[in-house]
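Working notes for the structure below.
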Amino acid sequence: MGFSNDFLWGGATAANQIEGAYLDDGKGLSTADVMTNGSHESGRRVTYTMPDGIRHSNLVFPYTAIPDEAVIECFDDEYYPSHTAINFYYNYKRDIALLAEMGFNCFRISINWTRIFPNGDDEVPNERGLEFYDKVFDECSKYDIEPIVTISHYETPLTLVNKYGGWVDRRCVDFYVRYCETIFKRYKDKVKYWLTFNEINIMKKHPVFAGVIADDAQRQAQAIHHEFIASALAVKLGHEINPAFQIGMMTAYPAVYALTCNPADQLKLMKEDQNRHFFSDVQCRGAYPNYKLKEYNRLGIELNKEPDDDEILKEGVVDFIGFSYYNSEVVTADKSKLNTESHNMYTTVLNPYLNNSDWGSPLDPTGLRIVLNALYERYNLPLFIVENGLGALDTVDEDGSINDDYRIDYLSSHLEAMKNAIDEDGVDLIGYTSWGCIDLVSAGTGEMRKRYGYIYVDKQDEGSGTLERKKKKSFYWYQKVIRTNGEDLSNN
Ligand code: BG6
């Protein structure tokens, strides 16, 4: 019992958080490239110029809309962590060799759209960008590592945002589909697992990540609709190009609890559940759920749809569900219970039963078992945990070792919860890629000190460091976990 013999064990990354080389070999700028560094206290910002020539920057979270007429761009006196990241672009061979040494049989990466289509709306793809991912996939194949590829992981071409307003404009669907066709055809014998959009449901919280600058409900709903159509068309097209492709959705899926059994709190939870499932309902069931149609109606939101959109959604349902799980959240109808003091971006209501990570994320392995069951019961589709992990401060001891027992504790408790969901509850879980298997730039804060990896990278928040890689204690622990197919989770 336990994990199946063909269980996919690995780790997850995103191009903009590891590659660096942000303009090399013809790459264009993406939305990730205009985000400054930040910290837990002062968030990342997006930089832009207004027509009067005045520079501005807006926080990514909480977000205030960037005006349509702004030109989003980089400034020389700001630090943008994606520009160099951990230099995976030039170090991929050594990095993949380390992952192979841990025993990975899969590796989640994303293709940076702007390496393939530097502006997003180009007619012809950039051959040098395509060659880079050929080399990466060939290197994986050398070690029998299955690539799990995110097509768009917070890397919308900046030109699409500056020139078209991002996903609010229907033309982005065509550009995305052209991009998909190019990579599906090119890598059809090298990649089997695809994810259409990373955490597609983050649009409301982090519009810029999703390639949208509008923050009003009407335009956001329209942008979401376009991403749904783009994803569905990609699924259809992918299956035509290679029927063996497994094309999944990817949703951020924390566990959510009501603070009390007060029916008002339970109703709040029900509403939150609807919000949490809206994206997966559309992508797994192929139609808008009634609760959302009613909500749009109430808010006066009118979607601009083309005649065959409903058909496209129906025909483009996904093959599996990829999701990220880091923590749980609590909701309540009682405003006096909101934790307004906190800078915590994960939850506004404290859970008295849980401890928090260094970055305020509640640690909750049982929540993972609960969400595995919730998703499987709702959709009956194979599940893939494509992100999970602990962002923590690591210290390098004098002898060079990094004893990250806290990370091992976090991961082993979550793996135990997965085992229970498989063994006791019968959930169909096909794989696990822990987030940031090698230290990388934090998406939320732009920091390096928020480390998730089994492999330490000598790079600091402000960009200094030798980029040397070091194996942490968790490296050897995960190696053993994979070797025993998840049987031995102990920390020794
Ligand atoms: C997910 C994203 O939301 O969380 C990743 O898909 C991100 O890109 C990860 O890095 C962890 O968040 P953070 O803010 O700690 O990097």
Can you say what percent of the DSSP beta bridges in the chain, counting only those with both residues inside, are antiparallel? Round to 5. 30
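When only C-alpha pairs under 8 Å and at least 6 residues apart count, what is the relative contact order of the chain, in percent?
Details: 1025 pairs, mean separation 86.1, N = 492.
It rounds to 18 percent for the chain.
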Just how large is the dipole of the chain about the Cα centre, in debye to the nearest 20, putting +1 at every Lys and Arg Cβ and -1 at every Asp and Glu Cβ? 460
The residues 113, 194, 359, sorted from fewest to most surrounding Cβ atoms within 10 Å, come out as 359, 194, 113
Take the alpha carbon atoms of the stretch 1-45, find their center, do the same for the stretch 258-283, and report the distance between the two centers in whole angstrom. 30
Assuming 0.36 nm per residue, please report the length gained on full extension of the stretch residue 348 to residue 128 beyond their Cα-Cα distance. 74.7 nm
Using Cα centres only, tell me the gap between the stretch 161-190 and the stretch 434-492 in whole Å. 32
Sum -39500 (n - 2.57) across every DSSP H segment of at least 4 residues in the chain, then divide by the residue count to get the 222 nm mean residue ellipticity, nearest 500. -11000 deg cm²/dmol
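Net charge near residue 334, counting Lys/Arg +1 and Asp/Glu -1 over other residues with Cβ under 10 Å of its Cβ?
Net charge around residue 334: +2.
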What residues have an amide H closer than 5 Å to that of residue 148, excluding those fewer than 5 places away on the same chain, when H is modeled at 1.01 Å from N in the peptide plane? 107, 108, 109
Residues other than residue 106 with Cβ under 11 Å of its Cβ, Lys/Arg counted +1 and Asp/Glu -1, net out at -1
Between residue 8 and residues 5 or more places away or on another chain, the pairs with built amide H atoms under 5 Å apart involve 431, 432
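Using the 2.2 N^0.38 Å rule of thumb for compact globular proteins, work out how the stretch 383-424 stacks up: its C-alpha Rg over that value, please. Please report the intermediate quantities before stating the final value.
Values: Rg = 13.8 Å, N = 42, 2.2 N^0.38 = 9.1 Å.
This ratio for the stretch 383-424 stands at 1.51.
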Here D for the stretch 284-424, in µm²/s, from Stokes-Einstein with a Kirkwood Rh over Cα pairs at 37 °C and 0.692 mPa s, works out to 176
Taking residue 204 as the anchor, which lysines have their alpha carbon closer than 25 Å to its alpha carbon, excluding any fewer than eight residues away along the same chain? 163, 268, 271, 292, 294, 305, 314, 335, 337, 450
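For the chain, the longest stretch holding no GluC sites (Glu not before Pro) located in a DSSP loop with at most 16 other Cβ atoms within 10 Å is which? Kindly include the intermediate steps, with their values, before the conclusion.
Details: sites that count: 41, 69, 73, 78, 123, 302, 341, 398, 424, 462, 468, 487.
With a cap of 16 other Cβ atoms within 10 Å, the longest stretch comes to 124-301.
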Net charge (Lys, Arg +1; Asp, Glu -1) of residues whose beta-carbon lies under 12 Å from that of residue 19, residue 19 excluded, is -3
Cα-based Rg and Dmax for the chain, where Dmax is the largest Cα-Cα distance (Å): 21.3, 66
Hey, if you put +1 on the Cβ of every Lys and Arg and -1 on every Asp and Glu Cβ in the chain, which of 207, 54, 431 ends up farthest toward the positive end of that dipole? 431
Furthest towards positive pole of dipole, 141, 38, 18, structure part the stretch 1-142, Cβ charges: 141
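Computed from the coordinates by the stated procedures, all read-outs in this text should not be read as laboratory data. Remember, it's a predicted structure, so these values are computed and weren't measured experimentally. FYI the Cβ positions are ideal-geometry reconstructions off the backbone, even for glycines, and counts take in every protein chain you see.
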